[in-house]
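Here the structure is laid out as structure tokens; the discussion comes afterwards.
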Amino acid sequence: MPRDDSSRAVTNGPVRALAALARRYTARPDQTPAAPPAAVIVVAGALALSGLSNPATLFNWYLVVIYALFALSANVVIGWNGIGTFGHALYFAAGAYAVALLATANLPAEVLLLLGGAVGAAIGLMFGLAATRTGSLVAMAMLTLMFAQLGYQIVYGVGVFGGENGLVGIPRGSVFGISLNSTTAFNWYLMIVFGLCWYALVRLRRSTVARAMLAARDDPTRARAAGLHVTGLRVTGFVIGGLFAGLAGALYAQTEGVIGSDVAYWTTSGMVLIMVIIGGTGRLWGPVIGAALYTWGNVYLLNTTSTMDVYLGLALLLILLVAPRGIAQLLTSAARLAVSGARRRHREAGTGTRKGNPRRW
Amino acid sequence: MNHFISTLVAGFAEAMPFFLVGSGLALTLGVMDILNFAHGVYFMIGAYVLHALLGGAAVNLVFFLLACVGAGLATAVIGAVSERTVLRLTYRKEPLIGILATYGLFLLLQGLVIVVWGAAPFSQNQSFATRGIVTIAGVNVARSDILNAGVGLVVGAALYVLIRHSPFGTKVRAVAEDREMASALGVATERVSMAAFFIGTSLAALAGGLLAPQVSIDQTLGASWVLYAFIVVVVGGLGSIGGSFVAAVILGETDSICVSYLPSVEPYILYIVVVVLLLVRPRGLMGSLRHAEG
């Protein structure tokens, strides 16, 4: 869609301002469409989930999808903003508890989901405003941790949240009148929510705002000189991160049916951080890989050993010191090497008619 | 009134382990600009080593203190090794990688503790001299509180002399102020870093040994004590040892007063103090602007 169509269609001030804002937060028009891949993810994911018969396996794949969304949300703050956040557990927990506490209100599942996201975004906004009062990354990591722990103490101590035992019996509810208690319906619901979030994040990642966030991450001083509002961009990252973490938390509550205060403890933030770092911050699919590896690695290690922390720590250190952009970076460079190697062999064999990139004449 | 005074004394005694752990973290943070998530694990290892040395048995005070020192030194070796092997590799990289690497170290060391000592909790008996309560001028004071307060004050004084009035302390402060300039002036910055890390770790482990009779020795100690260390350092100001003393006393007294008079607020009070203080003064009580603006 050409860019000027949308701006010509709107005439009055506030609407035009909103349209301009929307354009800043979505992709530029000259880029590849994001909707078809997202649709493929939804359909393929839902069909694959429906093909699983073992309930334990199915449940672990649900966790992979939820943690993938959670890791994608954390990647906005860690990868795009370059801020080490230890507050993510609380946004996730906020989304989950919002769903759990409103379960008695008989709201449709999609409304609960959006409320969970909104609560996560609101807490993200609070954390962002408070943490970005300092410019130091060390202080920001500590501040997010402190705020999240205050939240944890509240979740743990205040009776409404059920304390250590948490809240149980959270219903899955229904979407547009379709009950989510059937496995097939829930598979589609989960994958559609994930696909929509994926689509939104792809559009966001290509937007002017995300590019400005990367600029502010790489060199805050230069970004400021170029007229970017660095603090504002950081807070924006916290809000986006909080929104998607809240959505992931809401999905978690709907999937598990049970939620306990340990979800809000700071080690949950550590967990999602491991997923993001191991998977890789440079690509959107990096955190998804990280989430899948973490979830299944966890299942495997829990079955075989009591010492998974050792392996997690070693894996995290290895990735950080050897390939700080994670497995995504390793895979991308490997693919690039393979492609260039194949091209060279192709040329050397004399079968190629053109040298170099065939698209360039 | 006597109740209030004994509350204050208990608060001060409670503050001293906070101070030991926090000042250790402040030292490493100041010298190396590294926020060490593994710091709480050193506390935990200190408690485990003390239990291993004494086998959980009650001993007399001298042996207990010797075991505390032994736990501190043994753990400090682990700390120095982890600095040399892992953290040194991150110094030239982005600060975010350094922070995350210490989290990896946290997981690794915590996992190793479970490998070595198992997942079941241990308990350590009080030494004979620190059991029960003593009444001084009508004020009830727990004997273990006297020990904690005494050790905290002695170590604090020693740390003050070491950092402010010794050649080594001058080097530490020089490296904390400006690593490159200190290096250009002939300070062996790497050796100073490792020594600072050794001392910082031993302080955390000493606190762990000291508190071992009062806590359940299990693998959750690391995650909770790194938070206490962070709270102290954030309130006191990043990298300020004097600030961590003041912060620890404020936090210990606040907590103790809440335990006595406002028990319902007690779980939140430390974090409330932190959050309020940070909103008013983001760089902490005695923090330098360098660490706040970084």
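The values are calculated or read from the model by the stated rules, or taken from the named source; none is laboratory data. Only a predicted model underlies this, so the values are computations on that prediction, with no experimental measurement involved. Quick reminder, even Gly has a Cβ in these numbers, built from the backbone with ideal geometry, and neighbours come from all protein chains shown.
Okay, here's what the table says:
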item	result
Any hit, segment A:154-172, residues being out of contact with any Leu (no Cβ under 7 Å at 6 or more places or on another chain), within 11 Å of chain B (Cβ to nearest Cβ), hydrophobic (A, V, I, L, M, F, W, C) and within 15 Å of A:G84 (Cβ to Cβ)	no
One residue from B:L159, B:L100, B:L105 being in contact (Cβ under 8 Å) with a residue 40 or more places away in the chain and within 14 Å of chain A (Cβ to nearest Cβ)	B:L105
Residue match in segment B:173-186 (condition: over 28 Å from B:F106 (Cα atoms) and polar (S, T, N, Q))	yes
Residue among A:L301, A:L247, A:L243 that is under 19 Å from B:Q110 (Cα atoms) and either in a helix (DSSP H, G or I) or of a type outside the set (A, V, I, L, M) (or both)	A:L301
Odd one out for B:W225 among (1) surrounded by fewer than 24 Cβ atoms within 10 Å (Cβ to Cβ); (2) within 20 Å of A:V155 (Cα to Cα)	(1)
Whichever residue in segment A:304-332 is hydroxyl-bearing (S, T, Y) and farther than 16 Å from B:L105 by Cβ and, among such residues, is farthest from the other protein chains (Cβ to nearest Cβ)	A:T332
Test: residue in segment A:293-303 that is closer than 29 Å to A:A38 by Cβ, aliphatic (A, V, I, L, M) and modelled with pLDDT of 90 or more	yes
Condition check for A:T184: polar (S, T, N, Q), part of a helix (DSSP H, G or I) and closer than 30 Å to B:R283 by Cα	no
Selection from segment B:73-97 of residues that are of a type in the set (S, T, Y) and either surrounded by 18 or more Cβ atoms within 10 Å (Cβ to Cβ) or more than 14 Å from chain A (Cβ to nearest Cβ) (or both)	B:T75, B:S82, B:T90
Number of the exception - A:Q329 against (1) at pLDDT below 80; (2) part of a helix (DSSP H, G or I); (3) of a type in the set (S, T, N, Q)	(1)
Meets criteria (surrounded by fewer than 23 Cβ atoms within 10 Å (Cβ to Cβ) and touching a helix residue (DSSP H, G or I) at 6+ places or on another chain (Cβ under 6 Å)) for B:L61	yes
Residue in segment A:266-274 that is among the aromatic types (F, W, Y), outside any helix (DSSP H, G or I), within 12 Å of chain B (Cβ to nearest Cβ) and out of contact with any Asp or Glu (no Cβ under 7 Å at 6 or more places or on another chain) present	no
Unique residue being touching a residue at least 24 places away in the same chain (Cβ under 8 Å), surrounded by 24 or more Cβ atoms within 10 Å (Cβ to Cβ), out of contact with any His (no Cβ under 6 Å at 6 or more places or on another chain) and of a type outside the set (A, V, I, L, M) when the list is A:G135, A:G82, A:G124	A:G124
Subset of segment A:101-145 [within 14 Å of another protein chain (Cβ to nearest Cβ) and of a type in the set (S, T, Y)]	A:T132, A:T134, A:S136, A:T144
Qualifying residues in segment A:246-264 (those that are surrounded by fewer than 24 Cβ atoms within 10 Å (Cβ to Cβ) and either touching a strand residue (DSSP E or B) at 6+ places or on another chain (Cβ under 9 Å) or over 30 Å from A:T183 (Cα atoms) (or both)) - the one nearest to the other protein chains (Cβ to nearest Cβ)	A:G260
Selected residue [under 18 Å from A:A22 (Cα atoms) and either surrounded by fewer than 18 Cβ atoms within 10 Å (Cβ to Cβ) or not aliphatic (A, V, I, L, M) (or both)] from A:L243, A:L233, A:L204, A:L196	A:L196
Selection within segment B:108-139 - in contact with a Ser or Thr (Cβ under 6 Å, 6 or more places away or on another chain) and more than 7 Å from chain A (Cβ to nearest Cβ)	B:P121, B:T130, B:V139
